[in-house]
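The values are calculated or read from the model by the stated rules, or taken from the named source; none is laboratory data. All values derive from a computational prediction rather than experimental measurement. Every residue, glycine as well, gets a Cβ built from its backbone with ideal geometry; the counts of neighbours run over all protein chains shown. Areas reflect the complete protein model, heavy atoms only, side chains present, ligands, DNA and RNA absent. Shrake-Rupley method; radii C 1.70, N 1.55, O 1.52, S 1.80 Å.
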Amino acid sequence: MSGYVPKLYTFVKDRRWNEAVRLCRFVKDNKLWGCLAAMAVHGGELETAETALAALGEVDKLQFIQHIKEIPSEQGRNAELALYRRCPAEAEEILLQAKPRLLYRAIKMNIRLFRWTRALNLAEQYKSHVDTVLGYRQKYLEQFGKKETHNKFLQYQDTIAVDWAAIKAKIKQEKDDERARSGSMTGGSGGK
């Protein structure tokens, strides 16, 4: 296999993804497929990453790549790829530097990572989604039968109501806006 690695690297460096896939199919070596999968994820080449992960039988990773492909905006996909590479700060930066910024995605990413304080800080900083963070935090605590003890969250308990209908409407509007912007810029795609 070692003789094929430089050739694979050359194909990837030149962005000749189809030839890289053909090489892996010819060699039939999981290590080479693994190299291709890693390089494709790093290069943002989702189709190739999907092919390589399928060849490896990595169903969970394959499903995540398929999830990423459904995200309507390029910035949203790039942020998820950064998160996949374990770079949450980079992922957040991508979302917040998007024009217009993808604030809900940034906040929700921090919630998914259980970075509650960071999610609340973002909501406060941009004066949006404080109720969203509080609502998800309440659900999380209820799920584990715990009471709120964090002072920053306690200060909002009596002043901000968690209205899930309003939160869901706001989230839906932001996702629709992202999909519409992406559709007008790229010809459109599905959306998560």
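Which one is farthest from Leu81 (Cα to Cα), of the residues in region 11-34 that are part of a helix (DSSP H, G or I) and open to solvent by 50 Å² or more (accessible area, probe 1.4 Å)? In this case the residue turns out to be Phe26. Screening Arg112 with (1) without any contact (Cβ under 8 Å) to a residue 60 or more places away in the chain; (2) open to solvent by less than 70 Å² (accessible area, probe 1.4 Å) gives one miss only, at (2).
Take Glu142 and tell me if it is at pLDDT 95 or above, farther than 30 Å from Phe11 by Cβ, in a helix (DSSP H, G or I) and open to solvent by 70 Å² or more (accessible area, probe 1.4 Å). Walk me through how you get there before you give the answer.
Details: at pLDDT 95 or above: yes; farther than 30 Å from Phe11 by Cβ: yes; in a helix (DSSP H, G or I): yes; open to solvent by 70 Å² or more (accessible area, probe 1.4 Å): yes.
Considered against the rule, which asks whether it is at pLDDT 95 or above, farther than 30 Å from Phe11 by Cβ, in a helix (DSSP H, G or I) and open to solvent by 70 Å² or more (accessible area, probe 1.4 Å), Glu142 comes out as yes.
Across region 146-162, the number of residues qualifying as closer than 12 Å to Gly135 by Cβ and either aromatic (Phe, Trp, Tyr) or at pLDDT 95 or above (or both) comes to 2.
Restricting attention to region 37-61, which residues are in a loop (DSSP other than H, G, I, E, B) and either out of contact with any Lys or Arg (no Cβ under 8 Å at 6 or more places or on another chain) or open to solvent by 40 Å² or more (accessible area, probe 1.4 Å) (or both)? Don't jump to the end; show me each part of the working.
Within region 37-61, the subset in a loop (DSSP other than H, G, I, E, B) is 43-45, 57-58.
Residues satisfying the conditions are Glu45, Gly57, Glu58.
Only one of the numbered conditions (1) farther than 15 Å from Glu70 by Cα; (2) surrounded by 14 or more Cβ atoms within 10 Å (Cβ to Cβ); (3) at pLDDT below 85 is violated by Glu174, and that is (3). Number of residues in region 62-87 that are open to solvent by less than 60 Å² (accessible area, probe 1.4 Å), under 20 Å from Arg118 (Cα atoms) and out of contact with any helix residue (DSSP H, G or I) (no Cβ under 7 Å at 6 or more places or on another chain): the value is 1.
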